[in-house]
Amino acid sequence: MHNKKIKIFVIAGEVSGDVLGAKIMHEMPSAKFIGIGGENMQAAGLQPIFPISDLAVMGLFEVLAHARTLTGRINQTVDAIIKSSPDIVLSIDSPSFAKRVIKKVRKAQGKKNSIKFYHVVAPQVWAWGEKRAKKFATIFDRLYCFFDFEVPYFTKYGLPTIPVGHPIADGLRPAAKSKDQREKRKKNITLIPGSRISEVKKLLPLLRETAECMCHQNPNVWYNFYIPVVETTAEYIRKETADWCTKPELVPAPKRYDLYKKTDVAIAASGTISAELAIMHIPTIVVYKMNSLTMFLARYMVKIKWASLVNILLNKTVYPELLGNKATAENIITEIKKLSKPDVRKKMINDLTMADKMWHKSESKTASRLIAEDINKIVK
């Protein structure tokens, strides 16, 4: 692909955005990228203006607790965009941060503004209400969403919206089926507390309790526990798991897919990771804890039944979800026992297979390639 030399200021505030950002960078080797990104984008040549860990918070009250840091980073980003004068600001997820930055840039630039503002990952307006779609249309010039069903929510307000498929599906395939679980004495359990330090701090104690209870209740079964770690959480998890009596093996994020292939059951934080596991057909239990008041507000405001994407796409409970006060070691172990039954396990995998075609927009092109081609087409 021949790329026109353009300057792109990229904002990727989370690990999943960093991974996608790096893929887009590889598809646009002639473009100049500056901005915010993590280890993957840095490996692709990005010089970040500050660590993405400063943006990795979630939940209303978690955000409030970091308000001073976030405000400082917003202003720093606004100044960097105005100073560098890019052709495009490409924000990847982290919509709250991106919107606040762009509003300030637009206000500072006024009518002379020539920067285009593109966003990757549509907000879940089908869960939170269409008002967010209308607001998005006033802020961004172009939106790249993952699924066809998301397009009409935004185009009705005049925002050009292009479906590109879910980027985590690029190159992912279902894991080879393992032998009957009853024949296996050793069980590989993958514990995934998330990529944000705030959610890791909430989930790791629960995962520890679960692992220790499993070993005490089933002394005749040997469990191998694993935790995939990202740069923003690795050191914290290493320190916190040092004294576990059922010490897990920590696996670097780039090797997580090999880990998933040998996983019998995953206990995973709600989020992008559950989609990765669904695409690979890994039996999973979704768990999540957050501030109790945040949880209450979410239940009041959210318009859908489920938190995990595969359940939403299929409109049924495929992955059991243990959220808030339901996220207990006892409930997790109950679900694990269910998945030890071959018929239950087989049904879950069959259900996951039904979603396979929903993850991809193009059989021959990745989501990052479709985004890169669209940007190049517009700027030429």
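The values are calculated or read from the model by the stated rules, or taken from the named source; none is laboratory data. Because the structure is predicted, anything quoted here is derived from the model rather than measured. Cβ sites come from the backbone with ideal geometry, for glycine too, and all protein chains shown count toward neighbours.
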Matching option when the condition is at pLDDT below 90 and within 23 Å of the chain's Cα centre (by Cα), among L277, L370, L313: L313
In region 228-250, residue farthest from E39 (Cα to Cα) [restricted to those that are of a type in the set (S, T, N, Q) and at pLDDT below 95]: T246
Unique residue being under 30 Å from E27 (Cβ atoms) and modelled with pLDDT under 95 when the list is G324, G271: G271
Spans of helices (runs of 4 or more DSSP H) in region 110-157 with at least 3 residues over 21 Å from the mean Cα position of the chain (by Cα): 131-139, 151-155
Condition check for D343: under 25 Å from the mean Cα position of the chain (by Cα) and not in a loop (DSSP other than H, G, I, E, B): no
Among (1) at pLDDT 85 or above; (2) assigned to a loop (DSSP other than H, G, I, E, B); (3) touching a Lys or Arg at 6+ places or on another chain (Cβ under 9 Å) - the single one Y319 does not satisfy: (3)
Test: residue in region 235-250 that is touching a residue at least 40 places away in the same chain (Cβ under 8 Å), within 29 Å of L352 (Cα to Cα), crowded, with 21+ Cβ neighbours inside 10 Å and in the same structural domain as R196 (by TED's automatic domain parsing): no
Checklist (1) under 25 Å from M25 (Cβ atoms); (2) at pLDDT 90 or above applied to D54, failing item: (2)
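Among the residues of region 240-263, count how many are of a type in the set (S, T, Y), more than 18 Å from the chain's Cα centre (by Cα) and either within 17 Å of W222 (Cβ to Cβ) or not in a loop (DSSP other than H, G, I, E, B) (or both).
2
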Sole exception among (1) at pLDDT 95 or above; (2) crowded, with 17+ Cβ neighbours inside 10 Å; (3) touching a helix residue (DSSP H, G or I) at 6+ places or on another chain (Cβ under 9 Å) for W359, by number: (1)
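Considering only residues that are closer than 30 Å to K23 by Cα, free of Cβ contacts under 8 Å to residues at least 40 places away in the same chain and aliphatic (A, V, I, L, M), which ones fall in region 215-234?
Residues satisfying the conditions are I227, V229, A234.
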